[in-house]
Amino acid sequence: MSHDCLFCKIARHEIPARIVHEDDEFLAFHDINPAAPVHLLLIPKHHVASLADTAPQDGAWLARMLQLVPALAADNGCNPLPEGGFRLVANTGAEGGQEIDHLHFHILGGSRPWSKRAAPAA
Ligand code: 5GP
Ligand code: ZN
């Protein structure tokens, strides 16, 4: 199914992004308006509006998506644990602060302080 949302277009390479990871299922790229020294977005390539639009049969790919996060963080400038680390955020729905209706994980990290925008909500 073809979708016209912004992140579908980025996933199809129709809109440029600073891509740091791509495989058959997922794409990760730098947020255009970073709220921390490291601010990546990780999306499924297929259109899913939000975490609230996933079903039990989505569990396997959601687990694969989640399991990409630590290496993406480490490979793109987040400092090593235990002193370093990263924040994982999935804004969901209007009151959750979701602006783009295509499921995405924010991966935030780097030496603090971060901007006010990144804490407590990204
Ligand atoms: P949300 O508020 O939906 O959780 O997050 C959407 C994020 O997408 C925001 O952090 C925003 O800066 C980012 N964003 C919006 N438009 C673009 C774009 O065209 N390219 C990239 N790389 N990020 C974008
Ligand atoms: Zn989409």
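Numbers below:
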item: Residue match in the range 11-28 (condition: on the phi > 0 side of the Ramachandran plot and more than 13 Å from the chain's Cα centre (by Cα)); result: yes
item: The range 101-115, subset within 14 Å of ligand 1 (Cβ to nearest atom) and more than 12 Å from the chain's Cα centre (by Cα), residue modelled with the highest pLDDT; result: D101
item: Among the residues listed as I15, I32, I43, I19, the single one being within 12 Å of F105 (Cα to Cα) and among the β-branched types (V, I, T); result: I43
item: Count of the range 51-83 residues which are within 19 Å of H30 (Cα to Cα), open to solvent by less than 60 Å² (accessible area, probe 1.4 Å) and not β-branched (V, I, T); result: 8
item: Neighbours by Cβ (under 7 Å, 6+ apart or cross-chain): first from the range 50-69, among the aromatic types (F, W, Y); second surrounded by 10 or more Cβ atoms within 10 Å (Cβ to Cβ) and assigned to a loop (DSSP other than H, G, I, E, B); result: W61/E25
item: Whichever residue in the range 12-31 is aliphatic (A, V, I, L, M) and open to solvent by 10 Å² or more (accessible area, probe 1.4 Å) and, among such residues, is farthest from ligand 2 (Cβ to nearest atom); result: V20
item: Any hit, the range 49-66, residues being more than 13 Å from ligand 1 (Cβ to nearest atom) and touching a Pro at 6+ places or on another chain (Cβ under 7 Å); result: yes
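Yes or no, residue by residue, for (1) open to solvent by 30 Å² or more (accessible area, probe 1.4 Å); (2) of a type in the set (S, T, N, Q); (3) touching a residue at least 24 places away in the same chain (Cβ under 8 Å):
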site	(1), (2), (3)
N33	yes, yes, no
H39	no, no, yes
G85	no, no, yes
A90	yes, no, yes
E95	yes, no, no
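The values are calculated or read from the model by the stated rules, or taken from the named source; none is laboratory data. A quick note: this is a predicted structure, and the numbers were derived from the prediction, not measured. Reconstructed Cβ throughout: ideal geometry from the backbone, glycine too, with neighbour counts over all protein chains shown. Note: areas computed on protein heavy atoms with side chains; ligands, DNA, RNA excluded. Shrake-Rupley method; radii C 1.70, N 1.55, O 1.52, S 1.80 Å.
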